[in-house]
Amino acid sequence: MTFGAGDRVRVSDRAHEGHHRTPSYVKGKRGRVERVFGRFTNPETRAYGADGLPEQVLYHVSFAQDELWPSVRRNGSDTACVDIFEHWLEAE
Amino acid sequence: MSDHDHDHDHDHPHEPITSDGEPPAAARARALEELLVEKGLVRREDVRRSIDRLVSRSPADGARLVARAWVDPEFKKRLLADARAAAQELALDSGPSPVVVAVENTETVHHMVVCTLCSCYPRALLGPPPDWYKSLPYRSRAVSDPHGVLEEFGLELDDDVEVRVLDSTADVRYLVLPRRPEGSEGLGEEELASLVTRDSMIGVAQPAAPAPA
Amino acid sequence: MHDRGAWPSDTPIDRSEHELADWELLTDALVDVLGDEGLMNVDEMRRGIESMPPGRYEQTSYYERWLFAAETILVEKGVLAPGELDARLA
């Protein structure tokens with residue numbers, strides 16, 4: 001378990017051919033780990049008939065909306081939270 | 001016949017309607033079932049049972065969790081720590097997800113749940129998701145224009161409230177614990193549960209107001 | 001195409017709801033049972049949906065995508081022969 005609650009992280013900005021659950025709108029963006037959810041099977045391999053092992057650590061990561069995009073209406077404090085696997089996160 | 005707006009995220013099906021009013025997918029689904037049953041891969045009774053389960057689900061179980069949290073502060077703490085375990089306390093099935101999280105709306109934070117990648121939703125506690133939750137416009141705008149979406153749903157928030165959008169990208173399922181309505185102090189748990197709407201547990205609405213005394 | 005977060009959208013959210021048709025309930029149940037029987041897991045199912053050609057993805061209904069995914073994955077695994085479902089409908 002590389003990260004803990006409160007850690008600043010950046011989502012990897014890499015192209016990934018094939019099934020993955022990291023939405024493009026957070027790739028390359030900076031966030032904060034809010035919670036460590038523990039280990040889950042990896043959907044990226046399980047989607048192709050493998051067993052999804054070894055399990056990967058999943059994190060609840062918050063992003064300031066200001067960091068994600070200029071949007072139509074928002075408060076400065078608005079956030080979006082996304083569940084992201086460890087292999088998509090880098091220390092910031 | 002009304003004009004169809006062919007916006008690029010228009011997601012009404014365009015399949016031809018057959019003479020008995022069903023889309024071609026209907027016959028396809030039935031044929032798939034036939035093939036799978038013939039091959040001995042699925043049993044018809046398992047399919048029926050699954051349908052029965054699906055249609056029996058409603059937001060009532062989610063509402064029970066919320067109402068209990070409103071009247072019992074210790075239960076609320078447990079619900080916010082581990083909603084799956086809290087549901088088990090009330091003998092409720094919170095579904096196959098190993099982690100279910102209840103998030104509390106407060107004076108300063110309002111939560112909204114979406115699945116931008118598909119349509120993940122706490123079905124065991126809320127029943128099947130509404131069409132709009134699965135729609136392309138909701139999936140795209142919930143995360144980038146939550147205030148706009150909430151305005152469309154008629155929900156007004158104070159200017160200084162943080163809107164926190166939760167995108168269900170993994171196996172964790174989210175349930176919003178909405179704020180207890182004003183004027184509901186005298187109500188019992190069952191009456192409170194009847195105020196808790198599905199949309200308030202998704203985060204696009206507030207619970208219903210209590211009926212005037 | 002499935003990765004919709006922040007996709008530009010001018011369309012108002014259509015809040016009308018429809019009761020699931022029998023075939024939609026059936027499709028949901030088939031996917032559920034296929035999962036229980038170990039024939040298709042949820043990640044494969046999602047991957048199946050994502051493999052839909054982009055134009056089709058936006059033009060099909062929710063459960064039509066599920067049906068497409070189930071057929072795609074089952075044919076890939078050799079559970080169904082290519083065209084077997086079409087032949088059954090002919």
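Please treat every number below as a calculation from the coordinates, not as lab data. Predicted, not measured: the structure shown is a model, and the values here were computed from it. Backbone-built Cβ (ideal geometry, glycine too); neighbour counts: all protein chains shown.
At-a-glance table
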| item | result |
| --- | --- |
| Max mean-square fluctuation residue, GNM over chain B, Cα-Cα springs under 10 Å, options B:Glu104, B:Glu190, B:Glu182 | B:Glu182 |
| Shape category assigned to the stretch B:57-202 from the gyration tensor of Cα positions, a/c cut at 1.5 | oblate |
| Most mobile of B:Val100, B:Val42, B:Val143 in a GNM of chain B (Cα contacts under 10 Å) | B:Val42 |
| Using θ = phi - 60° and Karplus 6.51 cos²θ - 1.76 cosθ + 1.60, couplings along the stretch A:78-92 (whole Hz; Gly, Pro as x) | 4, 9, 10, 10, 9, 8, 10, 7, 4, 6, 9, 10, 10, 5, 10 |
| For the stretch C:22-89: rounded, prolate or oblate by the Cα gyration tensor [a/c cutoff 1.5] | rounded |
| For residues of A:24-35, the mean tally of beta carbons on other chains within 10 Å | 2 |
| Karplus-derived HN-Hα couplings along the stretch B:74-90 (A = 6.51, B = -1.76, C = 1.60, θ = phi - 60°), whole Hz, x at Gly and Pro | 5, 4, 4, 4, 5, 4, 6, 7, 7, 5, 5, 5, 5, 4, 4, 4, 8 |
| Angle between chain B longest axis and helix B:60-71 axis [Cα atoms, degrees, rounded to 10] | 10 degrees |
| Averaged over C:15-28, number of beta-carbon atoms from partner chains that fall within 10 Å | 6 |
| Isolated Cys residues of the protein assembly as shown, judged by Cβ distance under 4.7 Å to other cysteines | A:Cys81, B:Cys118 |
| Per-residue HN-Hα couplings for the stretch A:23-32 [Karplus 6.51, -1.76, 1.60; θ = phi - 60°; Hz; x = Gly/Pro] | x, 5, 5, 9, 5, x, 9, 9, x, 9 |
| Choice from B:Val113, B:Val47, B:Val165 with maximal GNM fluctuation in chain B (Cα, 10 Å cutoff) | B:Val47 |
